[in-house]
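These notes concern the structure reproduced below.
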């Protein structure tokens, strides 16, 4: 089971990048998570470019199409998702040459330095994913708040409870991918 990990933050030392690395290290047996760093190369969505889709977009589309599922880690910017993540979803939702998000199982996680976690961002992301006809994991959820306390200076996950919650989410996501693929036309 190959899962593509997408980080909604471009920051090198992003908590969400650290959360994806932790997920890759803790993936259950039979699942491999490949964190992806292509979002910084994606140009702003422009329908005029669709006839000659930029190479970075084509590469991301191929990676998403080849993945059994997506694990998206999003920060929360102004009570929503970062523009770079929304931009990528806009590109991926287009039908040229095929709609790579339709029916794709997706798990959403997020980390924030604030005390509210990423609840609103995850809700906004789920709304955008609904429009793409992807299939988000309904539960469990993982909202990492005050992330500066959850990771060490090297970005390693040190919070035991968050690690246990991440483990549980990944096990459920593996089940979700299997269920979703069984019911695909």
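Distance between the modelled labels on residue 139 and residue 160, one decimal in nanometres: 2.6 nm (7 Å Cα→Cβ projection). On a 0 to 90 degree scale, rounded to 10, what angle separates helix 83-92 from the longest Cα axis of the chain? Between the helix axis and the principal axis of the chain, the angle is about 40 degrees.
Axis angle, to the nearest 10 degrees, between helix 55-66 and the longest C-alpha principal axis of the chain: 70 degrees. Taking only the C-alpha atoms of the chain, the Rg (one decimal) and the largest Cα-Cα distance, Dmax (whole number), read 15.5, 48 Å. By the helix-only formula, in which each DSSP H run with n ≥ 4 contributes -39500 (n - 2.57) and the sum is divided by residues, the chain has a 222 nm mean residue ellipticity of -12000 deg cm²/dmol.
At full extension, residue 182 and residue 119 could sit 19.7 nm farther apart than now, given 0.36 nm per residue minus the alpha carbon distance. Between residue 50 and residue 11, the modelled label-to-label distance comes to 3.4 nm, taking each label 7 Å out from Cα in the direction of the beta carbon. Across the chain, Cα pairs under 8 Å and at least six residues apart give a relative contact order of 24 percent. Look at 112, 93 and count the other Cβ atoms within 10 Å of each Cβ; fewest to most, that gives 93, 112. Semi-axis lengths, largest first, of the ellipsoid equivalent to segment 125-185 are 28, 15, 9 Å, with √(5λ) applied to each eigenvalue of the Cα gyration tensor. The base-10 log of I(q)/I(0) for segment 30-70, evaluated at q = 0.27, 0.35 Å⁻¹, reads -1.00, -1.28 [Debye formula, identical scatterers on Cα atoms, solvent excluded].
Sorting the segments 171-178, 148-155 by their mean number of nearby beta carbons within 10 angstrom, highest to lowest, gives 171-178, 148-155. Dividing the radius of gyration of the alpha carbons in segment 33-138 by their Kirkwood radius gives 0.95 for Rg/Rh. Segment 127-150 and segment 31-48 have Cα centres lying 18 Å from one another. For the chain, the longest principal axis of the alpha carbon atoms and the long axis of helix 15-26 meet at an angle near 80°.
Read-outs: derived from the displayed coordinates by stated rules, not from any lab. In this text the structure is predicted, and so the values were computed from the model without any measurement. Here Cβ is always computed from backbone atoms with ideal geometry, including for glycine, and neighbour counts include all displayed protein chains.
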